[in-house]
1. Quick check on segment 581-594: of everything there that is touching a residue at least 60 places away in the same chain (Cβ under 8 Å) and not aliphatic (A, V, I, L, M), which residue is nearest to F683 (Cα to Cα)?
2. Looking at segment 323-335, is at least one residue of a type outside the set (S, T, N, Q), outside any helix (DSSP H, G or I), out of contact with any Pro (no Cβ under 7 Å at 6 or more places or on another chain) and on the phi < 0 side of the Ramachandran plot?
3. Just to be sure I understand the filter: pairs with C-beta atoms under 7 Å, separated by 6 or more residues or on different chains, first member in segment 595-613 and in contact (Cβ under 8 Å) with a residue 40 or more places away in the chain and closer than 15 Å to V668 by Cβ, second member among the basic types (K, R) and crowded, with 16+ Cβ neighbours inside 10 Å. Which pairs pass?
4. Say we look at segment 78-110 and pick out the residues that are among the aliphatic types (A, V, I, L, M) and surrounded by fewer than 24 Cβ atoms within 10 Å (Cβ to Cβ); which of these is farthest from the chain's Cα centre (by Cα)?
5. Given the residues S30, S41, S4, S21, which is the only one that is hydroxyl-bearing (S, T, Y) and at pLDDT below 95?
6. For L511, state whether it is part of a helix (DSSP H, G or I), under 29 Å from the mean Cα position of the chain (by Cα) and under 30 Å from A283 (Cβ atoms).
7. Among L141, L136, L157, which is the only one that is in contact (Cβ under 8 Å) with a residue 12 or more places away in the chain, surrounded by 24 or more Cβ atoms within 10 Å (Cβ to Cβ), within 21 Å of G257 (Cα to Cα) and not aromatic (F, W, Y)?
Amino acid sequence: MHLSLLGTVCGLLVSLATAQSTFKPARPPSIPLAVRNPYLSTWFPAGSQFGNGGYLPGQWPRFWTGQIVAWTGLVRVDGKTFTWMGGPSDFEAASQVAFEYTSTKSIFTIEVDDKVTVKATFLSPITPNDFKRQSLIFSYLSVEVSSKDGQNHDVQLYTDISAEWISGDLNSVAQWDSGEVDGISYHKVWKQNQQLLTETNDRAEWGNWYYSTDAGGLTHQSGSDRTVRGAFRDKGELGNSKDTDFRAISNDWPVFGFAVDLGSVGSSPASTLFTVGLAQEIAIQFLGANGLNNVPSLWTDYFDNELAALSFFHKDFSESSRLSTELDSKVASDSVAAAGNNYLILTSLAVRQAFGAVQLVGTQAKHYLFLKEISSNGNMQTVDVFYPASPIFYYFNPELVRLLLDPHFENQESGHYPNKWAIHDLGTHYPNATGHADGNDEHMPVEECGNNIIMLLAYAQRTDNNDYLKQHYTIVKQWAEYLIEDSLLPAEQLSTDDFAGHLANQTNLALKGIIGLEATAQIASRIGETADAKNYSNIAHDYIAKWQDLGINKADNPSHTILTYNNASTHGLLYNLYNDRLVNTNLVPQSVYDMQSAFYPSVKDKYGVPLDTRNRYWTKGDWEIFCAAVASEETRDMFIGDYARWVGETPVSTPFTDLYNTNDGTHVAGIEFRARPVQGGMFALLVLK
């Protein structure tokens, strides 16, 4: 049974009565706990909107949509039981005293009855250059218990997950089993009526969920939440029993628990490792060169079965921790060196979120990286979503960008899209990349042609894979010819900021198309197409000169670019200027960079610079960081400082949003973007370094 809101608040007050937690480097709006792909995406709300301030005891974790995925932690100290995670009723909450996040870890320090300290580390490992490890949709929870008062204490530790993890429909019937493999005890839980490649409320309706721990000194039990947790409270152990009444998720709330007897605990920490994860043999559906086919999860090509994958992941904790710590350190040192501690607040918060929207699929011989446009509409492989996300992938491993582009090239070069411009996405809703053979996707012609060409060149510049350019040059030329037609004077159309509506003659959109033409010239030059290179470059230089006359309000003080041509009263974030530096087209005069750097401070609000004049307070955090990356140091630090302040002060309690109000830090009414991979754009500065 779940606590009511009042019960949750009461549990929080017990915690706050004895301790206030510190938060380092900031208190994010929502804390990533187990975030590995679009379906293993478990968060802890912290903002005041729906959260409790970031205190692990007394509140349930949630899926990114806000749906509860109950994950409970109890600890029994000298016969008295406390909650250290989640919001179960009838238990006193322990006192959280510290929280810290890194790129891969969320670490809570919790004091229990002034006797022992519980340190809970949630590790979602990221291995951008090791696809075997990255392909596994599992996450770690490491729990250390040590004496706080210098005395030894009799301690038992308990955790469980509920059947809520398996489906977005609480009326779905859950089925479960338990077992042991290679010294690892596991609970296996699944939806009884499996629906392949189907979602309910953005939750996967197929696959098997595993919750596991080391088998030594362990008892386990499945059953109703009150029964299983009550057994631990009363006895400090479980019955090693299985509830065989398979039933609806909300019917007496089945949970799957482990209890570990830590014995007499002193000053040396007693450690216990848990893993949680999802095994889906088939991951997505894709309309590619060989028609429409189901595509397996990449891990299936490395491991014989689910239990082999589970065993590897669980036993890999030491190495995975080492690799994750190295990644954390690299991001921290690079971020601080680039723009200080405020910048680290943003980059380290973005890492798990960006990688949590993608999944490696296919085989070792031929694999792809597929992305879900989380929360905004669920589209699959949306170009103008993985374009703003791309800085994080260029930073960690540029081959990841190729794996995002590959499905687009394969689909369109196989004749599955009739329009002359680039497709917007590969499917209306993840996990079905069924394409748009009728051409009726959401048209963003200049946006997507420019994005694809720029990302392709940026990839080649970082890998010297010019053969990849040759392979796709025919369709690149097709897109470039469209940009010649429509980039200087863009017809009425959507840009990536589609929530703001259609516009003609968008200054910022035109700039993307023009840079795309110069990028095409560089692509042509790299593969020996010198005549094409000269032609595209001449056109781009002609266009950029005209663009400066059309798109800049030179009479204003300070002068600035305008939202649409011949509309002097408008302005907006000129985030597409970033592309000129990303691919070194050197097309835009330095005077434009200096002009925008001087202008942005004149229109800033408390939490940033508005996106444009159509909506007084709306802004996009990813585009702010794109602007920061090519601004003066003073303006750069303004952008970063305001966004970092928003992270710690916003009332929003959903995962790291990119769309918010600059005046009060709230969500834009009716458009609650959350957990979107575009926050990979926080790495925009580091890619230029």
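1. So the first thing to find is which residues in segment 581-594 are touching a residue at least 60 places away in the same chain (Cβ under 8 Å), and the list is 581-585, 587-588.
Next cut, not aliphatic (A, V, I, L, M) only: 581, 584-585.
Values: R581: 14, N584: 17, T585: 20 Å.
Top of the filtered list is R581.
2. Kept after step one, since they are of a type outside the set (S, T, N, Q), are these residues of segment 323-335: 323, 326-328, 330-332, 334.
Within this subset, residues satisfying the condition of being outside any helix (DSSP H, G or I) are none.
The answer is no; no qualifying residue exists.
3. Filtered contacts from segment 595-613: Y607/R645; L611/K620.
4. The first filter runs over segment 78-110 and keeps only residues among the aliphatic types (A, V, I, L, M), leaving 85, 93-94, 97-98, 107, 110.
Next, from what is left, pick out any that are surrounded by fewer than 24 Cβ atoms within 10 Å (Cβ to Cβ): 97-98, 107.
Working: V97: 27, A98: 24, I107: 18 Å.
Among those that are among the aliphatic types (A, V, I, L, M) and surrounded by fewer than 24 Cβ atoms within 10 Å (Cβ to Cβ), it is V97.
5. Values: S30 fails: at pLDDT below 95; S41 fails: at pLDDT below 95; S21 fails: at pLDDT below 95.
Only one candidate passes the filter, namely S4.
6. On the way: part of a helix (DSSP H, G or I): yes; under 29 Å from the mean Cα position of the chain (by Cα): yes; under 30 Å from A283 (Cβ atoms): no.
Spelling it out, it is not the case that L511 is part of a helix (DSSP H, G or I), under 29 Å from the mean Cα position of the chain (by Cα) and under 30 Å from A283 (Cβ atoms).
7. Numbers: L141 fails: surrounded by 24 or more Cβ atoms within 10 Å (Cβ to Cβ); L136 fails: within 21 Å of G257 (Cα to Cα).
None of the others qualify; the one that does is L157.
Listed here are the residues, each with its yes/no results for (1) surrounded by 15 or more Cβ atoms within 10 Å (Cβ to Cβ); (2) out of contact with any Ser or Thr (no Cβ under 7 Å at 6 or more places or on another chain); (3) β-branched (V, I, T); (4) within 29 Å of I282 (Cα to Cα).
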{"position": "S414", "(1), (2), (3), (4)": "no, yes, no, yes"}
{"position": "P418", "(1), (2), (3), (4)": "no, yes, no, yes"}
{"position": "E447", "(1), (2), (3), (4)": "yes, no, no, no"}
{"position": "H472", "(1), (2), (3), (4)": "yes, yes, no, yes"}
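The values are calculated or read from the model by the stated rules, or taken from the named source; none is laboratory data. Predicted, not measured: the structure shown is a model, and the values here were computed from it. Reconstructed Cβ throughout: ideal geometry from the backbone, glycine too, with neighbour counts over all protein chains shown.
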